[in-house]
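In what follows, a structure is listed as structure tokens, so that the remarks can point back to it.
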């Protein structure tokens, strides 16, 4: 009989985001402590798309051959977030002003009802491309970071 935990649904509203330094070349170093962590209420864009290459073969009249092509990654958008420091803003500011800034690896961890990690996605060599602060309105219920957009060079599902 299957374990009951394997049949439990994933609750996509429980996740955390951690950022660690990421080397531009070579293997990723997963042993470093997070530089920054954030709590966000929404994460979109965990997406990779492979565009197939079409090959028209001579003598093959019924269709074309499809081969694997380049993979592109969507911009990951983190919405309505909170952090305990200003590191994400400082990182965006460094990148946008042309200064040297580390590429960071982001891990997005989906948590089970017990608070233990269920799935972890890793974004390689992230770069912030948009930072939107909440509107300043005394009647508003918005939080500190309205949106953080991340361009990245790879999306992987981390094995446990």
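Among the numbered conditions (1) touching a helix residue (DSSP H, G or I) at 6+ places or on another chain (Cβ under 9 Å); (2) touching a residue at least 24 places away in the same chain (Cβ under 8 Å), the only one that residue 121 does not meet is (1). Tell me which residues, restricted to the range 76-86, are assigned to a loop (DSSP other than H, G, I, E, B) and buried (at least 18 other Cβ atoms within 10 Å of the Cβ). Listed by number, the list holds a single entry, 83.
Within the range 120-159, the residues that satisfy the criterion of being modelled with pLDDT under 80, part of a loop (DSSP other than H, G, I, E, B) and touching a strand residue (DSSP E or B) at 6+ places or on another chain (Cβ under 8 Å) are 134, 135, 142, 143, 144. Among residues of the range 88-108 being over 25 Å from residue 157 (Cα atoms) and assigned to a loop (DSSP other than H, G, I, E, B), the one that is nearest to the chain's Cα centre (by Cα) is 101. Under the condition of being out of contact with any helix residue (DSSP H, G or I) (no Cβ under 7 Å at 6 or more places or on another chain) and surrounded by 16 or more Cβ atoms within 10 Å (Cβ to Cβ), the residues counted in the range 92-103 number 4. Considering the range 29-75, the qualifying strands (runs of 3 or more DSSP E), each wholly inside and each with 1 or more residues that are at pLDDT below 80 and surrounded by 11 or more Cβ atoms within 10 Å (Cβ to Cβ), run over 36-44. Residue check: residue 89 meets all listed conditions (1) surrounded by 12 or more Cβ atoms within 10 Å (Cβ to Cβ); (2) under 24 Å from residue 47 (Cα atoms) but one, namely (2). Could you grab me the full set of residues in the range 104-119 that are surrounded by 12 or more Cβ atoms within 10 Å (Cβ to Cβ) and either closer than 16 Å to residue 17 by Cβ or at pLDDT 85 or above (or both)? Passing the criteria: 104, 105, 106, 107, 108, 109, 110, 111, 117, 118, 119.
The values are calculated or read from the model by the stated rules, or taken from the named source; none is laboratory data. Please read these numbers as outputs of a predicted model, since none were measured by experiment. All Cβ positions, glycine included, derive from the backbone under ideal geometry; neighbour counts span all protein chains shown.
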